[in-house]
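A.B. asks: The structure is given below, and queries will be raised subsequently.
The values are calculated or read from the model by the stated rules, or taken from the named source; none is laboratory data. A quick note: this is a predicted structure, and the numbers were derived from the prediction, not measured. Don't worry about glycine lacking a Cβ; one is built from the backbone with ideal geometry, like all the others, and counts go over all protein chains shown.
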Amino acid sequence: MIDYSFAQLPDTTPMNRLPIIIDEPGDYLTRSGSRVTIHEIRMYVPLPNGPLRHSVTAFEAKGAIWREFHGKERPQGYEIWHISGRILGTIEMPMDIVSKVEPAGSAA
């Protein structure tokens with residue numbers, strides 16, 4: 001018998017049942033600490049989280065990751081995310097969005 005214990009995968013939650021992190025256009029932070037600006041969220045299935053919301057997986061948030069360009073940080077390129085913050089559907093990645101950037105001067 002082959003021992004597959006080394007290949008145990010973590011208990012994963014389906015993407016459509018993860019909490020919604022990207023809820024409006026604005027600035028967010030990734031797992032690696034990079035800044036992301038979300039320009040558009042196009043909801044293919046309306047909220048709230050009804051049965052249909054859980055049956056559709058769509059990467060509905062569009063935006064750009066901030067990178068250094070000619071000595072200044074700027075949003076570069078075009079990326080898409082699931083509203084749960086995931087950039088890929090199957091695994092966690094450094095460019096997954098994990099939180100919203102709070103505006104300067106806002107009290108927590």
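A.B. asks: For a quick check of your reading: which strands (runs of 3 or more DSSP E) sit entirely within segment 43-100 and have at least 3 residues that are loosely packed, with under 15 Cβ neighbours inside 10 Å and at pLDDT 90 or above? Break it down stepwise before answering.
C.D. replies: Details: elements: 61-69, 72-81, 97-100.
Passing ranges, in order: 72-81.
A.B. asks: Which residue pairs have Cβ atoms closer than 6 Å, lie 6 or more positions apart in sequence or on different chains, and pair a first residue in segment 60-74 that is within 18 Å of R31 (Cα to Cα) with a second residue that is of a type in the set (A, V, I, L, M)?
C.D. replies: A61/I22; A61/I38; A61/I41; A61/I83; K62/I80; G63/V36; G63/I38; I65/V36
A.B. asks: Is it true that some residue in segment 24-35 is at pLDDT 75 or above and touching a Leu at 6+ places or on another chain (Cβ under 8 Å)? Steps first, answer last, please.
C.D. replies: Of all residues in segment 24-35, those at pLDDT 75 or above come to 24-35.
Next, only the ones that are touching a Leu at 6+ places or on another chain (Cβ under 8 Å) stay: 35.
Yes, the conditions are met somewhere in segment 24-35.
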